[in-house]
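Trainee: Can you read through this structure? Questions will come right after.
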């Protein structure tokens, strides 16, 4: 999960960014998430002083999910990273809160 303050006066632009991800860029966003191993992502906004972007991410590999944008050179990932940096006061911090994914192991059948 990551929580980051949105720059003052940019909540409207943040909403437009999210609308673009859900609309015309939804396929590119899904492809980017797939490349990074993200299986589910919930993006929320808490309005107040400051407004906060709250992003909950599920992934099989948290390292790839959180650092996958850093070295990417795909046009969408570059655009996406630029938008995040432009709209937020700080880089989106990430923290693994709880990892409940089952660990690989031998199949033991249903119990």
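Quick note: the coordinates plus some simple rules give every number you see, no bench work behind them. Quick caveat: nothing in here was measured; it's all calculated off a predicted structure.
Trainee: How much length is gained if the chain between residue 15 and residue 28 is pulled fully straight, taking 0.36 nm per residue apart and subtracting their Cα-Cα distance, in nm to one decimal?
Mentor: On the way: separation 13, 0.36 × 13 = 4.68 nm, distance 1.80 nm.
Length gained, residue 15 through residue 28: 2.9 nm.
Trainee: Right, next: What length, rounded to one decimal in nm, is gained on full extension from residue 45 through to residue 82, with 0.36 nm per residue of separation minus their alpha-carbon distance?
Mentor: Values: separation 37, 0.36 × 37 = 13.32 nm, distance 1.90 nm.
11.4 nm is the gain from fully extending residue 45 to residue 82.
Trainee: I've got another one for you. For the range 1-60, state the average projected area of the convex hull of the C-alpha atoms over all orientations, rounded to one decimal in nm². Present the calculation step by step, with values, prior to reporting the outcome.
Mentor: On the way: hull surface 16.5 nm².
Result: 4.1 nm².
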